[in-house]
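The values are calculated or read from the model by the stated rules, or taken from the named source; none is laboratory data. Computed from a predicted model, the values in this text were never measured in an experiment. Cβ placement follows ideal geometry from the backbone for every residue including glycine, while neighbour counts extend to all protein chains displayed. Ligands, DNA and RNA are stripped out before the accessible areas are found, and what is left, the full protein with its side chains, is counted by its heavy atoms. Shrake-Rupley method; radii C 1.70, N 1.55, O 1.52, S 1.80 Å.
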Amino acid sequence: KSLHYTNSLGTDLTIELPDDHLWAAGNSETPAGVGFVANLPTEEIFTAPLKTGVNGTVCAALPLVNNGSIIEVIPPVPRFEAVVREGRIVEAKASRGEDVLNAAISVDDGARYFGEVALVPYDSPIRSSGLLFYNTLYDENASCHLAFGEAYPECIADGERMTREELDAHRLEHSLGAL
């Protein structure tokens, strides 16, 4: 029904999940039925949060790269956080790359909502390597994470067959942006 995240940096975030949500992995199928894995290695399982069901503060423990720009926390003042109310990011701060972060969540109104919540084991190979690859498809496999913007329709039962209006009725996020 919901997830509750906390960390020593100040994260205290509750994420409600749609009643008919599904957990997915990195494998998928094309419309023609051909199987593929979008990002390798993949350690995550993910689903879509309820669009208006995310509340609290999330503080990142690892940097994020968006189109070649780094968004991160630079000690001693850890500052890469988002304050979220009823699913919407109402405040976003970073000690480096804050302008990039705020531009990314301003693509359209939907970019201020979360479309993905993913669980990744703490000891994943990417995390254990200690490397930043500067590529989200690799770097996201270093920790549990959230993505703002467009939700994956396959995270709702029969979602891939639904119209945009039907997905909206299930309270899934829709946006041009995604990160």
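Things to note:
- Surface listing: GLU81, GLU165, GLU16 arranged by accessible area from highest to lowest gives GLU165, GLU16, GLU81, probe 1.4 Å.
- Between the amide H of TYR113 and those of ILE89, GLY149, distances stay under 5 Å, these residues lying 5 or more places away or on another chain, with hydrogens modeled in the peptide plane.
- Annotation: per residue accessible area for the chain equals 53 Å², rounded to a whole number [probe 1.4 Å, protein chains only].
- Helical mean residue ellipticity (222 nm; -39500 (n - 2.57) per DSSP H run of 4+; nearest 500) of the chain: -2500 deg cm²/dmol
- Comparing VAL37, VAL65, VAL90 in a Gaussian network model of the chain (Cα springs below 10 Å), the most mobile by mean-square fluctuation is VAL37.
- Each of the chymotrypsin sites (Phe, Trp or Tyr not before Pro) that DSSP puts in a loop and that has at most 14 other Cβ atoms within 10 Å breaks the chain; the longest unbroken stretch is 24-121.
- Taking every Cα-Cα distance in the chain and sorting them into 10 Å bins from zero, the calculated P(r) comes out as 10, 37, 39, 13, 1, 0 percent.
- Ordered from highest to lowest accessible area with the whole protein assembly present and a 1.4 Å probe, HIS145, HIS170 read as HIS170, HIS145.
- In this structure, the amide hydrogen of ILE45, modeled 1.01 Å from its nitrogen in the peptide plane, lies closer than 5 angstrom to those of LEU119, counting only residues at least 5 positions away or on a different chain.
- Cα shape, segment 1-40, gyration tensor, a/c 1.5 rule: oblate
- Amide H contacts for ASN66 (H built 1.01 Å from N in the peptide plane; partners 5 or more residues away or on another chain; cut-off under 5 Å): ILE71.
- Ranked by solvent-accessible area (1.4 Å probe, protein heavy atoms only, all chains present), the residues ARG127, ARG112 order from largest to smallest as ARG127, ARG112.
- Karplus 3J(HN,Hα) series, Hz, for segment 111-122 with 6.51 cos²θ - 1.76 cosθ + 1.60 (x for Gly, Pro): 5, 8, 10, 8, x, 8, 10, 10, 9, 9, x, 4
- SER95 exposes around 50 Å² of accessible area when a 1.4 Å probe is run over every protein chain in place.
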